[in-house]
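Trainee: Structure below; questions to follow.
Coordinate-derived values only; no laboratory data. The structure displayed is predicted, hence computed values, not measured ones. Note that we place each Cβ from the backbone using ideal geometry, even for glycine, and neighbour counts take in every protein chain shown.
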Ligand SMILES: NC(=O)c1ccc[n+]([C@@H]2O[C@H](COP(=O)([O-])OP(=O)(O)OC[C@H]3O[C@@H](n4cnc5c(N)ncnc54)[C@H](OP(=O)(O)O)[C@@H]3O)[C@@H](O)[C@H]2O)c1
């Protein structure tokens, strides 16, 4: 599988399985199935309340732990040093592993000591509890502060990204600083595949509109995708998007789609223009 690597030791399979909002036995079954089908990248978070279920799937699977890239995240109310440490300890215990491959701050907090939180994040990496570290849902100004002013060795950023949302400035910054760019909600929960232009491209290539949505992201240098899929058919279809090659006409049609649809914007979200 196509993988994203960088100088921070990241080795990220370009397609991962998103696990929110699956929990319990459903989550264990879906993750186990995905590993059987060839997925080697699983995305979870403490906030998804499914780390134990993911851990169970890892134990049930015949795929060795070291062959799987595992991402987890700490919630924004646990970013004080002790709380962040405890959060990662809890994650490691629930997942049944001694180290995660990527540990993200899930959302920025408000009125927080950014430098202290980032220092703790780096320490956890240095202590070997996380192979790599990153942030999620950071707007460009805040990411710039973390990377350029604080000099944090971030390996990745995870944000909402799909064909209906503009993310060029953030993506350009990530490329400039050698950060992998993980696109969450890459299908816009079905909305990309509903676009007539996307359906037309799919028909031309004899593929599914969801595969067009994912192929458009995957062909962009530095971009990984983590679609959530529970059924075998959807998991397989998403993996197969890696084989689809778009042409110039397809790219022009994708570029012409409206780019102002943000699906995930909870009340605690940052000012995205900051
Ligand atoms: N960092 C963050 O703040 C953040 C925020 C949101 C999400 N995420 C991560 O990103 C992952 C994905 O995002 P998401 O779940 O919001 O949205 P998404 O991946 O864009 O869409 C998921 C939906 O698409 C369906 N689907 C998947 N593959 C399909 C296919 N081939 N054909 C038709 N339908 C298909 C799924 O249905 P089935 O399940 O029935 O297959 C599910 O209903 C999450 O699971 C989570 O891990 C991170």
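Trainee: For segment 1-83, just say rounded, prolate or oblate: build the C-alpha gyration tensor, square-root its eigenvalues into a ≥ b ≥ c, call rounded for a/c under 1.5, and beyond that prolate if a/b exceeds b/c, oblate if not.
Mentor: oblate
Trainee: To make sure I understand, if each residue's beta carbon is the centre and we count other beta carbons within 10 Å, what order do 272, 75 fall in, fewest to most?
Mentor: The most exposed by this proxy come first: 272, 75.
Trainee: Separate question: Go ahead and run the numbers for FRET between residue 150 and residue 259, Cβ-Cβ distance against an R0 of 25 Å, rounding to 0.05.
Mentor: FRET efficiency, residue 150 to residue 259: 0.25.
Trainee: Let me ask something else. Set the Förster radius R0 to 35 Å, insert the Cβ-Cβ distance between residue 251 and residue 272 as r into 1/(1 + (r/R0)^6), and round the FRET efficiency to 0.05. Can you show the working numbers first?
Mentor: Numbers: r = 25 Å, r/R0 = 0.72.
After rounding, the FRET efficiency stands at 0.90.
Trainee: Pairs of Cα atoms under 8 Å, at least six residues apart: use those to get the relative contact order of segment 171-239, whole percent.
Mentor: The value is 36 percent.
Trainee: Where does each of 19, 44 land when they are ranked from fewest to most other beta-carbon atoms within 10 angstrom?
Mentor: Placing the least packed residue first, the sequence is 19, 44.
Trainee: Also, I was wondering about something else. Over the chain, what is the relative contact order in percent, taking alpha-carbon pairs closer than 8 angstrom and at least six residues apart?
Mentor: After rounding, I find 19 percent.
Trainee: Right, here's the next one. If each residue's Cβ is checked for other Cβ atoms within 10 Å, how do 187, 165 rank with the fewest at the top?
Mentor: Least crowded to most crowded, the residues run 165, 187.
Trainee: Give me the percent of Cα-Cα pairs in segment 165-212 that sit more than 13 Å apart, rounded to a whole number.
Mentor: Everything past 13 Å amounts to 63 percent.
Trainee: Given Cα pairs under 8 Å that are at least 6 residues apart, what percent is the relative contact order of segment 2-96?
Mentor: 27
Trainee: Need the C-alpha centroid separation for segment 115-161 versus segment 49-79, integer Å.
Mentor: 20
Trainee: Moving on to the next point. Could you quote the convex hull projected area for the chain, Cα atoms only and averaged over all directions, in nm²?
Mentor: Directional mean of the projected Cα hull area for the chain stands at 13.2 nm².
Trainee: Now a separate question. Using a Gaussian network model of the chain whose springs link C-alpha atoms within less than 10 Å, name the residue from 170, 179, 154 with the highest mean-square fluctuation.
Mentor: Most flexible of the set in this elastic network: 170.
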